[in-house]
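Here's the structure, in structure tokens; my notes come after.
Throughout, read-outs are computed from the coordinates displayed, never taken from laboratory work. Just so you know, these numbers come straight off a predicted model, no measurement behind them. With ideal geometry, Cβ positions are generated from the backbone for all residues, glycine too; neighbour counts draw on all protein chains shown.
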Amino acid sequence: MTDVAIIGVGLHPFGRTPDRSGLDQGVYAVREALKDAGIQWKDVQVAYGGSMDGGDAEAIVNQLGLTSLQFTNIWNGCATGGSSLSAAHNAIKAGAADIALAVGFDKHSPGAFNPDPASLGLPAWYGETGMMLTPQFFAMKLQRYMHEHAISVETLSLVAEKAFHNGSLNPGAWRRHALSREDIASSPMVCDPLRKYMFCSPAEGGAALILCRGDIARRYTTKPVWLKAAVVRGRHYGSFEVYSPCIARELAPSATVTAARDAFELAGIGPGDVDVLQLQDTESGAEIMHMAENGFCEHGEQEHLIRSGVTAIGGAMPVNTDGGCLANGEPIGASGLRQIYEICIQLRGQAGKRQVPNNPQVGYTHVYGAPGVSGVTVLQR
């Protein structure tokens with residue numbers, strides 16, 4: 001079976017760039033990835049990418065060059081980046097290309113996303129109860145989870161404090177100012193128990209990856225990162241997801257549980273083998289819940305792990321070393337690939353002040369998109 005390696009990574013800083021369109025930020029990221037891989041645009045044989053508000057990803061070829069490249073637009077909510085990577089990975093494994101590109105970018109206006117329920121085929125009551133505002137869904141799910149597993153409100157502040165500290169060490173992050181747990185706990189309430197600084201914000205940015213067939217990877221780099229699994233899974237009937245009308249009881253495992261299980265099986269490893277990981281943290285509670293859903297702890301163990309520093313950069317299970325969505329914001333098309341970028345930098349030992357110690361060998365990423373799509377990757381030096 002064909003091995004796949006990541007040989008080039010590129011990132012446009014996240015945040016706000018008034019003089020540059022979302023598409024321009026995607027182009028910037030691609031050029032950085034090409035430079036990192038030591039190849040030219042004409043060498044790329046197939047490409048996948050997506051954006052919510054930044055424009056059609058296929059239009060990127062107008063700026064990079066018309067080479068007859070097959071470029072497929074992908075949109076899968078917050079899982080767009082993971083889905084693009086999975087498609088590029090599969091194209092190489094299938095023998096359709098030797099070198100592939102995955103790119104994501106976006107440029108969102110400030111404010112929360114609030115789509116019309118009817119546009120997603122949902123009943124009117126769903127919007128009338130306020131559930132179409134995703135912060136309200138996150139808060140309702142989190143309230144139940146905290147009650148069932150004895151997670152304290154202070155733990156939410158500890159997660160955000162870690163995120164902003166890590167972001168302060170990351171030159172590509174939007175929020176580069178560390179905040180104390182007291183600052184976070186005293187910020188305005190948005191949706192109980194979640195406060196202002198416990199949420200990520202719609203943002204701007206771009207990220208790109210160059211993948212290639214494993215047997216030619218060392219032609220381009222001395223530090224290939226091996227893509228051991230790239231899995232995207234949808235929801236089961238009866239699972240409790242964003243925009244899902246099934247909110248009374250959870251009758252089936254989430255898409256995240258399924259994606260994580262399948263990714264570990266494909267990679268031939270378990271959660272205990274992972275040295276550094278990125279988990280979707282649209283808000284503080286999401287990181288907490290996703291720690292267990294991805295198999296890195298039991299439900300209810302998170303508070304002890306977080307309080308004891310296990311998830312810090314120097315801990316045994318460092319989570320979101322670049323600040324995650326909380327510090328970077330979430331340009332939806334780019335967010336999942338930003339996670340992969342960070343893991344590649346960590347495994348190469350190039351993360352500077354936020355570098356995980358002890359020579360990490362295995363990384364993991366997880367992204368979750370409405371209405372219940374999860375993308376998981378396992379990466380190895």
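Distance between the pseudo-spin-label points of D215 and K42 (7 Å out from Cα toward the beta carbon): 2.6 nm. Each residue, H177 and S152, gets one label point 7 Å from its Cα in the Cβ direction; the gap between the two is 2.8 nm. Out of P135, S284, L379, whose Cα points farthest toward the positive end of the dipole of the chain (charges: +1 Lys, Arg; -1 Asp, Glu; placed on Cβ)? Result: L379.
Treating only the Cβ atoms of Lys and Arg (+1) and Asp and Glu (-1) as charged, compute the dipole magnitude of region 251-309 about its Cα centre; round to the nearest 20 debye. Let's see the in-between values first.
Values: 2 positive and 11 negative charges, 11 e Å.
Dipole size: approximately 60 debye.
Legend: residue pairs K35/K196; K35/K353; K228/K353; K93/K223; K93/K141, Cα-Cα distance threshold 30 Å; pairs beyond threshold, K35/K196; K93/K141. When the Cα centres of region 218-241 and region 252-312 are compared, how far apart do they sit, in Å? Here the two parts' Cα centres lie 15 Å apart. Sort K353, K93 so the one with the fewest other Cβ atoms within 10 Å of its own Cβ comes first. Final ranking by Cβ density, sparse to dense: K353, K93.
Using bins of 20 Å that start at zero, the share of Cα-Cα pairs per bin across the chain amounts to 31, 60, 8, in whole %.
The residue list W174, L227, I306 was ranked by how far each Cα lies along the charge dipole of region 174-306 toward its positive end, using unit charges on Cβ atoms, and L227 comes out on top.
Arranged from highest to lowest average of other beta-carbon atoms within 10 Å per residue, in what order do the peptides 36-44, 101-109, 204-212 appear?
Numbers: 36-44: 17.3, 101-109: 27.6, 204-212: 31.0.
Sorting 36-44, 101-109, 204-212 by mean packing, highest first, produces 204-212, 101-109, 36-44.
Extending 7 Å from the Cα toward the beta-carbon at both R261 and N62 defines two label points whose distance is 4.5 nm.
Counting each DSSP H run of 4 or more residues in the chain as -39500 (n - 2.57), what helix-only mean residue ellipticity at 222 nm follows after dividing by all residues, to the nearest 500 deg cm²/dmol? Each step should come with its number before you reach the end.
Details: 12 runs with 127 residues, N = 381.
Using -39500 (n - 2.57) per qualifying helix, the result is -10000 deg cm²/dmol.
For the chain, the longest principal axis of the Cα atoms and the long axis of helix 22-37 meet at an angle of about 60 degrees. Sorting the segments 60-72, 269-281 by their mean number of nearby beta carbons within 10 angstrom, highest to lowest, gives 269-281, 60-72.
Using packing as a proxy for protection, rank 156-165, 20-29 so that the peptide with the highest average count of other Cβ atoms within 10 Å comes first.
On the way: 156-165: 25.0, 20-29: 22.9.
The packing order, highest mean first, is 156-165, 20-29.
Around the Cα centre of the chain, unit charges on the Cβ atoms of Lys, Arg, Asp and Glu (plus for the first two, minus for the last two) sum to a dipole of about 860 debye. Scanning residues 5 or more positions from S51 or on other chains, those with amide H under 5 Å from its amide H are A57, I74, with H placed 1.01 Å from N in the peptide plane.
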